[in-house]
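The structure appears right after this line, and notes come after that.
Please treat every number below as a calculation from the coordinates, not as lab data. Remember, it's a predicted structure, so these values are computed and weren't measured experimentally.
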Amino acid sequence: MRPSRTRSGYRKLSSSTGRLCHGTVAPATDRALSILRSSEAVDTYRRLVETNPDRYLADLATALNHLGSRLEEAGEPEQAARVRAEAAKLREG
């Protein structure tokens with residue numbers, strides 16, 4: 001997923017990530033889709049961090065936490081722990 005390079009494109013990404021983390025995706029039937037969308041958000045924020053780390057590093061950490069939650073819900077605790085550890089490392093600086 002690649003947002004447009006406009007502010008509205010970034011707002012759309014943020015809105016999509018927010019909907020995923022607040023449980024508006026059906027929990028059982030759409031877990032794979034939820035993980036996919038969360039992974040796409042992480043990938044997008046990784047690219048944004050390369051261009052402007054001061055602006056997007058916290059967003060990347062948040063997206064990683066959301067992905068960790070989705071992985072935990074899907075029964076992947078080891079992967080979830082690795083993703084959350086990366087998020088914590090980013091927050092520590």
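General observations
- Normalising the Debye intensity of segment 35-93 to I(0), with uniform scatterers on Cα atoms only, and taking log10 at q = 0.16, 0.19 Å⁻¹ returns -0.43, -0.60.
- Our coupling estimate for segment 60-69, obtained by passing each phi through the Karplus curve with A = 6.51, B = -1.76, C = 1.60 and θ = phi - 60°, is 4, 4, 5, 4, 5, 4, 4, 4, x, 5 Hz, Gly and Pro reported as x.
- For segment 77-93, putting each phi into the Karplus relation 6.51 cos²θ - 1.76 cosθ + 1.60 with θ = phi - 60° gives couplings of x, 5, 5, 4, 5, 5, 5, 5, 5, 5, 4, 5, 4, 5, 5, 6, x Hz, in residue order, rounded to whole numbers and with x for Gly and Pro.
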